[in-house]
Amino acid sequence: MEPLTVITYLAVFLVIVAVGVARLDVGRCPECPHCRAEAEIRASRDRASIAALDRRYDLGRCPRCGQTGPHEHRR
(Lines give C-alpha, C1' and ligand atoms only; values in the text may rest on other atoms or scores of the structure.)
Protein backbone atom coordinates (compact mmCIF):
# COMPACT_ATOMS: atom_id res chain seq x y z
CA MET A 1 0.00 0.00 0.00
CA GLU A 2 1.31 3.43 -0.86
CA PRO A 3 2.18 5.88 1.93
CA LEU A 4 -0.18 8.53 0.56
CA THR A 5 -3.09 6.08 0.75
CA VAL A 6 -2.31 5.20 4.37
CA ILE A 7 -2.06 8.89 5.30
CA THR A 8 -5.39 9.58 3.58
CA TYR A 9 -7.08 6.73 5.47
CA LEU A 10 -5.67 7.99 8.76
CA ALA A 11 -6.82 11.54 8.04
CA VAL A 12 -10.35 10.36 7.23
CA PHE A 13 -10.40 8.24 10.38
CA LEU A 14 -9.28 11.19 12.53
CA VAL A 15 -11.98 13.44 11.02
CA ILE A 16 -14.63 10.81 11.77
CA VAL A 17 -13.38 10.45 15.35
CA ALA A 18 -13.35 14.24 15.80
CA VAL A 19 -16.95 14.52 14.60
CA GLY A 20 -17.97 11.71 16.95
CA VAL A 21 -16.27 13.33 19.95
CA ALA A 22 -17.84 16.71 19.14
CA ARG A 23 -21.30 15.14 19.25
CA LEU A 24 -20.87 13.79 22.80
CA ASP A 25 -22.92 15.45 25.53
CA VAL A 26 -19.97 16.47 27.64
CA GLY A 27 -20.82 19.27 30.05
CA ARG A 28 -24.59 18.96 29.75
CA CYS A 29 -25.60 16.05 31.98
CA PRO A 30 -27.66 17.09 35.05
CA GLU A 31 -26.34 14.41 37.43
CA CYS A 32 -22.59 14.97 37.08
CA PRO A 33 -21.07 17.30 39.73
CA HIS A 34 -18.65 18.72 37.18
CA CYS A 35 -21.44 19.61 34.77
CA ARG A 36 -23.57 21.13 37.55
CA ALA A 37 -20.63 23.32 38.56
CA GLU A 38 -20.11 24.38 34.94
CA ALA A 39 -23.80 25.25 34.62
CA GLU A 40 -23.62 27.37 37.79
CA ILE A 41 -20.55 29.17 36.47
CA ARG A 42 -22.31 29.83 33.15
CA ALA A 43 -25.39 31.14 34.97
CA SER A 44 -23.32 33.43 37.20
CA ARG A 45 -21.52 34.83 34.15
CA ASP A 46 -24.86 35.49 32.48
CA ARG A 47 -26.17 37.25 35.60
CA ALA A 48 -23.00 39.32 35.80
CA SER A 49 -23.25 40.41 32.16
CA ILE A 50 -26.91 41.33 32.61
CA ALA A 51 -26.06 43.34 35.72
CA ALA A 52 -23.27 45.11 33.84
CA LEU A 53 -25.68 46.03 31.05
CA ASP A 54 -28.20 47.27 33.60
CA ARG A 55 -25.54 49.50 35.15
CA ARG A 56 -24.33 50.70 31.76
CA TYR A 57 -27.76 51.68 30.48
CA ASP A 58 -28.98 52.74 33.95
CA LEU A 59 -31.87 50.28 34.03
CA GLY A 60 -32.85 50.38 37.66
CA ARG A 61 -34.28 47.34 39.38
CA CYS A 62 -37.49 47.40 41.35
CA PRO A 63 -36.66 47.19 45.08
CA ARG A 64 -39.74 45.06 45.66
CA CYS A 65 -39.34 42.30 43.05
CA GLY A 66 -36.02 42.95 41.30
CA GLN A 67 -37.47 43.25 37.79
CA THR A 68 -36.21 45.82 35.32
CA GLY A 69 -38.41 47.97 33.16
CA PRO A 70 -41.89 49.34 33.76
CA HIS A 71 -44.29 46.94 35.47
CA GLU A 72 -47.04 46.84 38.05
CA HIS A 73 -47.32 44.72 41.18
CA ARG A 74 -50.31 42.53 41.82
CA ARG A 75 -52.03 43.03 45.10
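The values are calculated or read from the model by the stated rules, or taken from the named source; none is laboratory data. No experiment lies behind these values; they were computed from the predicted model shown. Heads up, the Cβs are rebuilt from the backbone with ideal geometry, glycines too, and the neighbour counts pull from every protein chain shown.
Would you pick out the residues in the range 5-15 that are among the β-branched types (V, I, T) and surrounded by 10 or more Cβ atoms within 10 Å (Cβ to Cβ)? V6, I7, T8, V12, V15 - these are the residues of the range 5-15 that are among the β-branched types (V, I, T) and surrounded by 10 or more Cβ atoms within 10 Å (Cβ to Cβ). Within the range 19-28, being surrounded by 10 or more Cβ atoms within 10 Å (Cβ to Cβ) and of a type outside the set (K, R) holds for V26, G27.
Would you point out the residue of the range 39-75, among those that are closer than 30 Å to V26 by Cα and among the hydroxyl-bearing types (S, T, Y), that is modelled with the highest pLDDT? Restricting to residues being closer than 30 Å to V26 by Cα and among the hydroxyl-bearing types (S, T, Y), the top hit is S44.
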